[in-house]
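The values are calculated or read from the model by the stated rules, or taken from the named source; none is laboratory data. What you are looking at is a predicted structure, and each value in this text was computed from that prediction instead of being measured. Heads up, the Cβs are rebuilt from the backbone with ideal geometry, glycines too, and the neighbour counts pull from every protein chain shown. Side chains are part of the model used for accessible areas, which takes the heavy atoms of the whole protein and leaves out ligands, DNA and RNA. Shrake-Rupley method; radii C 1.70, N 1.55, O 1.52, S 1.80 Å.
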Amino acid sequence: MVGLKEELLKSIWHAFTALDLDRSGKVLSHNLCTVLNVPHDPVALEEHFRDDDEGPVSNQGYMPYLNKFILEKVQGNFDKVEFNRMCWTLCAKKNLSRSPLLISDEDAFKVWVIFNFLSEDKYPLIIVPEEIEYLLKKLTEAMGAGWQQEQFDHYKIALNTSREGLSAWELIDLIGSGQFSKGMDRQTVSMAINEVFNELILDVLKQGYMLKKGHKRKNWTERWFVLKPNIISYYVSEDLKDKKGDILLDGNCCVEALPDKDGKKCLFLIKCLDKSFEISASDKKKKQEWIQAIQTTVNLLRAGSPPPHKEARQKRKELRQKLLAEQEELERQMKELQTANENKQKELETVRKQLEAAAARAAEEEKKRLQTQVELQDRFSLELEREKMVRQKMEEQVAQKSSELEQYLQRVRELEEMYKQLQEALEDEKQARQDEETVRKLQARLLEEESAKRAELEKWHLQQQQTIQMTEAEKQELENQRMIKEQALQVAMQQLEQLELERKEALEQYEEVKKKLETAANNTKSWKDKVAHHEGLIRLIEPGSKNPHLITNWGPAAFTEAELEQRQKSWKGKKNTSE
């Protein structure tokens, strides 16, 4: 309904602007109610068109009245051609050019209606160059002529330099002048305008003569068929005066080719829900064109899409709006860039002035600096001479101090070397004492084991003596036990001998450790003398007594050598007796 309202408003706008302001409201409203089949309301009409400044006689007051009392009541059950003809009648006489045209008034009316369809949705109405090109191409194609793109490009350039587009009357003058239809007669141009009018305004997708088979008498009759977006109407002739019927199309309809029969060729069938129609085209080409056109219409109905020319018009409009938006965005960006550029120029000019001022200040400061530099050079020359003399004296003192320092460092290095050697000697002595302690502990453990074994041997010997004094009855049994104990005694003696060997090895290790300790003590004493000779910087650790120590399981120095020899002889005697 919004699209219908926009189409109506364009024609009404032409009529309203053509009438005198004092009578435009009543005359136009009365005619609109008649052609749009809207009920008349004389009381409301007189009330809204009273003679005052607030009534709808003015442009500002008429549009609210038109929307409320007329356009909102339109149901769509009116003749669009008659509506446009009424508006054309009201505006054509005042605006149509009086110069002779190559088209008739009827053709001018159709061009005017086409203009309203293709014009932009803003007032005053104009048709942009893109839509002019589209219309002229359609007319040229309908006339069977070739399109002159170069000619139109020159015209478009001349048009764009002066304005955005053409008004309806300028478009009529352009087509009526024959500028783009040279070599064509009036009848050809008129037929082309009529064909484009039927397609764009009356939504005629295809039309032509074909044979139709009757449903009752089954006879074949020639009819003029007109295909529209949702209906196929057929008439007696192409003047459309005597209508014979309609074929209502929807998404459930289909069309299919039929084989030749009953002497009829180029047959096809239109299937609807309630009825089917057999049609015969004049030739195979027309048959294929009709089948394709009807199938395309059914597909559009299924998809809910508008007719192709309206959809193409909407796409062109959206494309223009997109391009316009992009152009506006580009202009906005260009303005922003220009503004930014101007700001940058201002900033650069400010910076340039600041640089000039800074350069002037720098030149003045450079002059002062040179003057100051000359003064400083004279002063520095005197100070430099004094500094040379002072430096010469300092170098002599430094050379002397360096010699003393070298001697001192040499002495320190010697002391450090002696300290390292002394530390190594102390480490050797410490290691020797640790080895001595280890051997001492090993010897004590061997003596303890030897004492335990000897005590066990003495016990077994006493048991053996008691066994000999037993009775003869027990002698045999005791003899067996004696043999077992004898074997155990032999094992124990072997272990004792092994312990004796280990003890001797421990004594030998002890002697070696003692020799190392004496050597370390001698080295320590030698280094002590050397250190004492060098101002006594280090105090050495003195070793213990050099006298040899005897270590037994009772502790170091518990027996004298004579006592140990006597005990060894006693142990050997007991051992021989037991064997």
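For the reader, a short list of remarks on this structure follows.
- ³J(HN,Hα), Karplus 6.51/-1.76/1.60, whole Hz, each residue of the range 367-377, x for Gly, Pro: 4, 5, 5, 5, 5, 5, 5, 5, 5, 5, 4
- Ordering of 358-364, 476-482 by packing is 476-482, 358-364, highest average first (other Cβ atoms within 10 Å, averaged per residue).
- Note on Lys93: lysines with a C-alpha under 16 Å away, same-chain residues under 8 apart excluded, are Lys110.
- For a straight C-alpha distance cut-off of 24 angstrom, the lysines reachable from Lys516 (same-chain residues fewer than eight places away being disregarded) are Lys420, Lys430, Lys441, Lys504, Lys525, Lys528, Lys530, Lys546.
- Under the simplified labelling scheme, the Thr188-Glu500 pair shows an inter-label distance of 15.3 nm, with each label point 7 Å from Cα along Cα→Cβ.
- Answer label for mean projected area of the Cα convex hull in nm² (calculated), chosen among (i) 94.4; (ii) 73.3; (iii) 45.2: (i)
- Residue pairs, from the table Lys80/Lys206; Lys5/Lys241; Lys10/Lys68; Lys137/Lys243; Lys459/Lys569; Lys212/Lys286, whose Cα atoms sit over 24 Å apart: Lys5/Lys241; Lys137/Lys243
- Per-residue ellipticity at 222 nm from helix content only, as computed over the chain with -39500 (n - 2.57) for each DSSP H run of at least four residues, stands at -24000 deg cm²/dmol.
- Cα-based shape type of the range 335-400, given that a ≥ b ≥ c are square roots of the gyration tensor eigenvalues and the cut on a/c is 1.5: oblate
- Largest accessible area first, the listed residues Tyr234, Tyr419 line up as Tyr419, Tyr234 when surface is computed with a 1.4 Å probe on the assembled protein chains.
- Ordering Leu159, Ala506, Trp571 by Cα displacement along the dipole of the chain toward the positive end leaves Leu159 in first place; charges were set at the Cβ atoms of Lys, Arg (+1) and Asp, Glu (-1).
- Karplus-derived 3J(HN,Hα), 6.51/-1.76/1.60, for each residue of the range 252-259, Hz, glycine and proline x: 8, 6, 8, 9, 8, 6, 10, x
- Among Met483, Leu457, Ile468 - extreme Cα towards positive end, dipole of the range 436-493, charges at beta-carbon: Leu457
- Extreme residue, positive dipole direction of the range 284-348, given options Ala325, Leu348, Val298 (C-beta unit charges): Val298
- In terms of its C-alpha gyration tensor, the range 57-190 comes out prolate, because a/c is 1.5 or above and the ratio a/b outweighs b/c.
- For the range 232-338, the list of GluC sites (Glu not before Pro) that fall in a loop by DSSP and count at most 10 other C-beta atoms within 10 angstrom is empty.
- Accessible surface ranking for Glu347, Glu133, Glu383, 1.4 angstrom probe, highest first: Glu347, Glu383, Glu133.
- Aspartates and glutamates with Cα under 20 Å of Lys265, excluding same-chain neighbours fewer than 8 positions away: Glu222, Glu256, Glu278, Asp283, Glu289
- Here the dipole of the chain is about 3060 debye; that uses its Cα centre as origin and unit charges on the Cβ of Lys and Arg (positive) and Asp and Glu (negative).
- Heavy-atom accessible area per residue - the chain, 1.4 Å, Å²: 66 Å²
- Carbon plus sulfur fraction of accessible area for the chain, probe 1.4 Å, in percent: 51 percent
- Gyration tensor (alpha-carbon) shape descriptor, the range 343-468, a/c threshold 1.5: oblate
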